[in-house]
Amino acid sequence: MKSNDIAKIAGVSRSTVSRVINNYPNVPEETRQKVLKVIEEYDYVPHASARMLAGAKNKVIGLFIIDINERQDGMKNRITRSPYFLEFTSSVIERASENGYKVLVQIIHNIEGYTQIKECFYNKMISGGIFIGENNNDETIKKIINDGQFVMNGIVFGDLEPKPQYYEVKKVYQHIGVKAIDTEKGVFEIFNKYYFKNLAEDYQLVYSLYEDGKPIMTGKPMDINIAPRQRAQITLPYDHASLKKDAEYFMKLQFILKDQRPWAAKGFPMAEEQILIKEATDRPSISEVTVGAAKLDGFVLDKDTKRILIKGTDFEAIFDPQTGSIYSLKYGNETVIADGNGPKLDALRAFTNNDNWFYAPWFEHGLHNLIHKATEYKVLNKDNGTLVLSFTVESQAPNAARIKGGTSSGKNSIEELTDRKFGSNDFKFVTNQIWTVYPDGSIELQSSITSNRSSLVLPRLGYVMKVPQQYSNFTYYGRGPIDNYADRKSGQFIEQYTNSVAGEFVNFPKPQDMGNHEDVRWCALTNQAGNGAVFVATDRLSASALQYSALDLILASHPYQLPKAGDTYLHLDCAVTGLGGNSCGQGGPLVHDRVFANQHSMGFIIRPAGKELSVVANVAPAGDLPLSITRTPAGMVELTSA
C-alpha cells in the first residue's frame, strides 16, 4: 500500500498524508486524526527504503530485548534482571563482530516500542533481528517481520514455475511481427524486428488453420529468409471460398527453433501470432434448432414455495420469483443446478495485488453481500412453443462494510458496518432479465443491468452460479490456456481448451483472482460420462470456473487455508476490469479496460451437453430482449434495448 492509497481512503491529498506522517503542525487536528486512523487500520508504515538509492548490504543486526514493565502475567523487568542477560548480550555482540556485523541493541519497555522495531525493519536499518523475552510464534513479532507479498515480484514463482503474466511478457517481447494483408487470398506480412539476425538462421514457420477453435490444417515447417529489420509477404495455401458460413476461422503462425538451444528445445515457438480469417455468420438460431423437440408441459406455480415449475420431455427447471432466477435445473436424471444455486448477479472478484487503487469501494458498496429481490415478474406462453419469464430484480447489500488488511498483507477480514444500513438512495443494481425456455430444455437469458452509481468502477459484472462438483471437466472456446484479462490477453489465443476445474487454480502465495478467460464464445462443465451443461455466449463473455468463491480467496492468507474444495463457482461476465500495474507500476488499468456500473447488456444460453460440445454450442440467440430506462447525470432519460 502506498501513501496515495491512504490519501484516497481518507479522502485527503497525498501531500496531506505526507504532512501527517512527518508530524507537520499545519494540519487540522480532525484531518490528522482521520489520516492516522486509516494508517493504523491498514497497518501502513512508510517505506523509507523506497526513497533511498540502492547501496551495499546493511551489516547491522538488531538485538531487541522485550522487557515490558507491566505484563499480563504480572512479572516486571524479568529479562534485564536475569543473571544470563549480560553474558548473552555480550556473546551476541562478540560473535557478530567476528563476522563483520554491528549490533543495534534496543530494550522495549512498552507496547509503543514495537513501532520502533518495525521502523528498523522497514527502513532497512538492520539486516535481521534477534528477539529475547517473547514467546515463540508471537503474533506481534510475526506482524513486524512479515512484509506480506512485497518482495514476491517477478514473472515466475519461487520454484521457477511461470506465473500467468510470464506468457504475456513473452508475447510482447517477441522479435517477429505478423499482420494480414489479404485474408481471402491468404497473404500475410512478416516483419523481422531483429537488428542483426536473419530469421533463416534460427527459425522455421509453422502455420495452422483453426475452425471454431480446432486445427483443421497444419503446414509443414518452412524456411523464412528475411533480413534484419526487413518485411516480406508470404501466401498460405487455403481456400477461403470453401470455409463454412456458420464457423469462425483463425490462422495461427508460429516461428519455431530449428535447433536445440540452451533456453529451449528444438521446435519451441519463440514467436507466434493469431489472425482472424473469417467471422461466423448464419449460425442457426436456438429456436430453429429446438423446433423438433416435444412441446413443453406448460408451467405450474407451487402454492407453498411460490416457485415456478417447468417440465419437458427430458428436463425440469424451477424458477424462483423471489430472486428472479433459476432455482434448480435437471437434464435427464442429472442435477446441473442444485436448489438455490442458480445464476445470480455478481460484481465481486478476489482482489489482486494491483487492485489496491480501487478495492475498498467494493465493500463500501456491498458488492460482497448482494441480496437479490425481484420486484415484479410475468410468465408468458408463446405460440412458438417457448415459455418466457421476465423479471425486474434489485440487487443491494443490507449495509456498508470495510475490508481490513490491504491487498498485500495476506491477513484480510471484513467488518460489516451494521450501523450504516442501506436505503433506496444507496448503491444498488436494477436488472431487467428475460428467461426463454425452449422445448428441449435450453434456457436463454437476456439481461440489461444498470445501477444508480454509473461512475463506480466494478471488478467484474455478470452472473455466478454453483454447479455440482461432479461436473469437474471445464471445456471452453476462448482465450487460453493461461488465465487472462482485458489488458493481459494478447499472449493467449482463441482456441478450444479442456482442463479440470481444479487445474484452473493458480498457486499464488496469497490466493487472489485467477482463472479468468476473455473472449469466450462458449464453455461447458461435464462429468466423466460427458453429461452436464454448455453455456453459450450470445456475444462474448469473460468466464472462469473455480472450486472457491471470491470471498474464500479474499479471506485465505495461503492456499492451504482455503476451505475444502466443493462445488464449482462458474462466472459468466459481460466484462472484467483489467489488472493495470498499481501495486508497483504506472497505476490502474486504462479507462477502456475498466468496468463501470452503467448500463450493460449481456446474455447466455444454457443447453444440455452432448457428445460434440461445439455442435451443441453452434446456435444463435432468439429470445426476447429487455428494455432499460436510465437517466444520465445531465438528467436525460434514455431508453435502451440489448
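The values are calculated or read from the model by the stated rules, or taken from the named source; none is laboratory data. None of these values were measured; they are calculated from a predicted model. Don't worry about glycine lacking a Cβ; one is built from the backbone with ideal geometry, like all the others, and counts go over all protein chains shown. Note: areas computed on protein heavy atoms with side chains; ligands, DNA, RNA excluded. Shrake-Rupley method; radii C 1.70, N 1.55, O 1.52, S 1.80 Å.
What to note about this one:
- The shape of the stretch 484-556 comes out oblate: with a ≥ b ≥ c from the C-alpha gyration tensor, a/c is at least 1.5 while a/b does not beat b/c.
- Value in Å of the Kirkwood radius, where the stretch 409-529 supplies the Cα pairs that are averaged: 18.1 Å
- Extension gain, ASN333 to LYS564, is 80.5 nm, computed as 0.36 nm per intervening residue step minus the present C-alpha separation.
- Electrostatic tally near ARG540: other residues with Cβ closer than 11 Å to its Cβ, Lys and Arg +1, Asp and Glu -1, net -2.
- Cα-based Kirkwood hydrodynamic radius, the chain, one decimal, Å: 28.5 Å
- Total formal charge among the other residues, if their Cβ is under 11 angstrom from that of VAL103, Lys/Arg +1 and Asp/Glu -1: +2
- Computed from backbone phi, the HN-Hα couplings of the stretch 304-311 come to 7, 8, 6, 9, 9, 9, 10, 10 Hz, rounded to whole numbers (Karplus: 6.51 cos²θ - 1.76 cosθ + 1.60, θ = phi - 60°; Gly and Pro given as x).
- Full extension of the chain between THR313 and ASP182 yields a length gain of 42.2 nm, computed as 0.36 nm times the residue separation minus the alpha carbon distance.
- Rounded, prolate or oblate (a/c below 1.5 giving rounded, otherwise prolate when a/b exceeds b/c) for the stretch 376-474 by Cα gyration tensor: oblate
- Whole-number D in µm²/s for the stretch 326-376 (Stokes-Einstein; Kirkwood sum over Cα pairs; 10 °C, 1.306 mPa s): 116 µm²/s
- 3J(HN,Hα) couplings calculated from phi for the stretch 93-100 with the Karplus curve 6.51 cos²θ - 1.76 cosθ + 1.60 (θ = phi - 60°) are, in sequence order, 5, 5, 5, 5, 5, 4, 9, x Hz; Gly and Pro show x.
- Principal-axis tilt of helix 113-122 within the chain, Cα atoms, nearest 10 degrees: 60 degrees
- The stretch 379-453 versus the stretch 463-489: alpha-carbon centroid distance in Å: 21 Å
- Peptides 576-587, 21-32, 98-109 ordered by packing proxy, namely the average of other Cβ atoms within 10 Å per residue, highest first: 576-587, 98-109, 21-32.
- Overall dimensions of the stretch 276-394 as given by Cα atoms, namely Rg and Dmax in Å: 19.0, 55
- The angle between the Cα long axis of helix 164-173 and the longest principal axis of the Cα atoms of the chain comes to about 80 degrees, rounded to the nearest 10.
- Within the same chain, lysines fewer than 8 places from LYS311 are excluded, and of the rest, those with a Cα less than 19 Å from its Cα are LYS295, LYS303, LYS330, LYS378, LYS382.
- Residues PHE596, PHE429, sorted by accessible area with the largest first, give PHE596, PHE429 [1.4 Å probe; ligands and nucleic acids excluded].
- Relative intensity, log₁₀ I(q)/I(0), of the stretch 204-269 from a Debye sum that treats every alpha carbon as a point, q = 0.20, 0.21, 0.25, 0.27 Å⁻¹: -0.91, -0.96, -1.13, -1.20
- With R₀ set to 35 Å, the beta-carbon distance separating GLN106 from LYS37 gives a calculated FRET efficiency near 0.80.
- 1.4 Å probe accessible area per residue over the stretch 166-254, in Å²: 53 Å²
- Subset of LYS170/LYS510; LYS124/LYS411; LYS245/LYS466; LYS8/LYS428 violating a 27 Å alpha-carbon distance limit: LYS245/LYS466
- Counted over the stretch 232-285 with a bin width of 10 Å, the fraction of Cα pairs per bin, in whole percents, is 19, 34, 26, 15, 5, 0.
- For the stretch 82-161, alpha-carbon Rg over 2.2 N^0.38 Å: 1.36
- Length-normalised contact order of the stretch 404-526 in % [C-alpha pairs under 8 Å, at least 6 apart]: 21 percent
- Among residues other than LEU525 with Cβ under 15 Å from its Cβ, the summed charge is 0 (Lys and Arg +1, Asp and Glu -1).
- Rounded if a/c under 1.5, otherwise prolate or oblate - the stretch 455-584, Cα gyration tensor axes: oblate
- Put a dot 7 Å past the Cα of ASP246, heading toward its Cβ, do the same for VAL300, and the two dots end up 3.5 nm apart.
- Contact order relative to length of the chain, as percent, for alpha carbon pairs under 8 angstrom and 6 or more apart: 11 percent
- Here is the tail figure for the stretch 558-630: Cα pairs spaced more than 19 Å apart come to 66 percent of all pairs.
- Estimated vicinal HN-Hα couplings, Hz - the stretch 208-217 in sequence order (Karplus 6.51, -1.76, 1.60; Gly, Pro = x): 9, 9, 10, 10, 6, x, 10, x, 10, 7
- THR281-ALA529 FRET efficiency (beta carbon distance; Förster radius 41 Å; 0.05 resolution): 0.75
- Taking amide H atoms as placed 1.01 Å from N in the peptide plane, the amide H of VAL103 lies under 5 Å from those of ILE61, each 5 or more residues away in sequence or on another chain.
- Checking the cross-link pairs LYS220/LYS266; LYS171/LYS611; LYS197/LYS220 against a 26 Å limit on the alpha carbon distance flags LYS171/LYS611 as lying beyond it.
- Proximal aspartates and glutamates to LYS59, defined as alpha-carbon separation beneath 16 angstrom and excluding residues fewer than eight positions away on the same chain: GLU94, GLU98
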